[in-house]
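*Asks:* Before I ask anything, here is the structure I am working with.
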Amino acid sequence: MMSNLFSTFDPATTINLSFNWTSTFLGFIIIPHLFWLIPSRYSSMIKMAYTKLHQEFKLLLGPNTMGFTILFISLFMFILMNNMMGLMPYVFTSSSHLVYTMTLALPLWMSLMIFGWINHTQHMFAHLIPEGSPPVLMPFMVCIETISNIIRPGSLAVRLTANMIAGHLLMCLLGKDMMNMNELVIPMIMSIQIMLMLFETAVSIIQAYVFSVLSTLYTSEVAYGST
């Protein structure tokens, strides 16, 4: 039962050569490109979203944005497209795998740490001890801040993966049970599935936003070291 349930997240369930990961790049097909598309309401909506995200990320990053807003807007749209693709039938949900999420979180965190410790070493050491900490607790605060800094990429990756898996598993369980249900219960199960679909759509947007915002906050800690 469990193997059949979790087989929906198996990237190699159909053929020996797994092409399921190609769903990760299906979002590029529907991204509006003004070079070959006539401006429409869809492209205007995407442009408004870009502008809003740019303003918010710029506010979080402070005066030294250094072009990071473009990076995090692209990261947000990339994760959002893959989360939305996973809601479609027979499309592999790449964002439900730690391989995908760690590939996004670990290089970003590692590059920020290398940049910060090489260029702003004093600021990075000062960040290990929060302002106003008693001298007695300083060694413990250094240990706690170091551990919390190390687990950041893992928390980013697991948060996105767990949220994408949870809703998909619940929808899969209800879909399997619906085949053996009474005819009177099926409409209720269908209405629950529709609500879950709307809920998963909101989760897909929120998790992409949370991932990009937390990455922006981690970057701001390093960017403020150059002020």
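*Asks:* Work out, step by step, the length gained on full extension between Phe28 and Val210: first 0.36 nm times the residue separation, then minus their alpha carbon distance; give nm to one decimal.
*Replies:* Stretched fully, the Phe28-Val210 segment lengthens by 63.4 nm.
*Asks:* Label Gln55 and Ile114 with points 7 Å out from Cα along Cα→Cβ: what is the distance between them in nm?
*Replies:* In this crude spin-label approximation the distance works out to 3.6 nm.
*Asks:* Could you go through segment 109-115 in sequence order and give the Karplus-derived ³J(HN,Hα) for each residue, using 6.51 cos²θ - 1.76 cosθ + 1.60 with θ = phi - 60°, rounded to whole Hz, and x for Gly and Pro?
*Replies:* 5, 5, 5, 5, 5, 5, 4
*Asks:* Quick one: give the max-minus-min coordinate of the C-alpha atoms of segment 80-125 along each principal axis, largest first, in Å.
*Replies:* 51, 16, 12
*Asks:* For segment 137-187, what is the accessible area per residue in Å² when the probe is 1.4 Å?
*Replies:* With all protein chains present, segment 137-187 gives 60 Å² per residue.
*Asks:* Now for a different question. What's the carbon and sulfur percent of segment 47-109's accessible surface, probe 1.4 angstrom, rounded to a whole number?
*Replies:* 75
The values are calculated or read from the model by the stated rules, or taken from the named source; none is laboratory data. Bear in mind that the values here come from a model prediction, so they are computed numbers and not experimental data. Please note: Cβ atoms are built from the backbone with ideal geometry, for glycine as well, and neighbour counts cover all protein chains shown. Accessible surface is based on the protein model in full, side chains and every heavy atom, while ligands, DNA and RNA are left aside. Shrake-Rupley method; radii C 1.70, N 1.55, O 1.52, S 1.80 Å.
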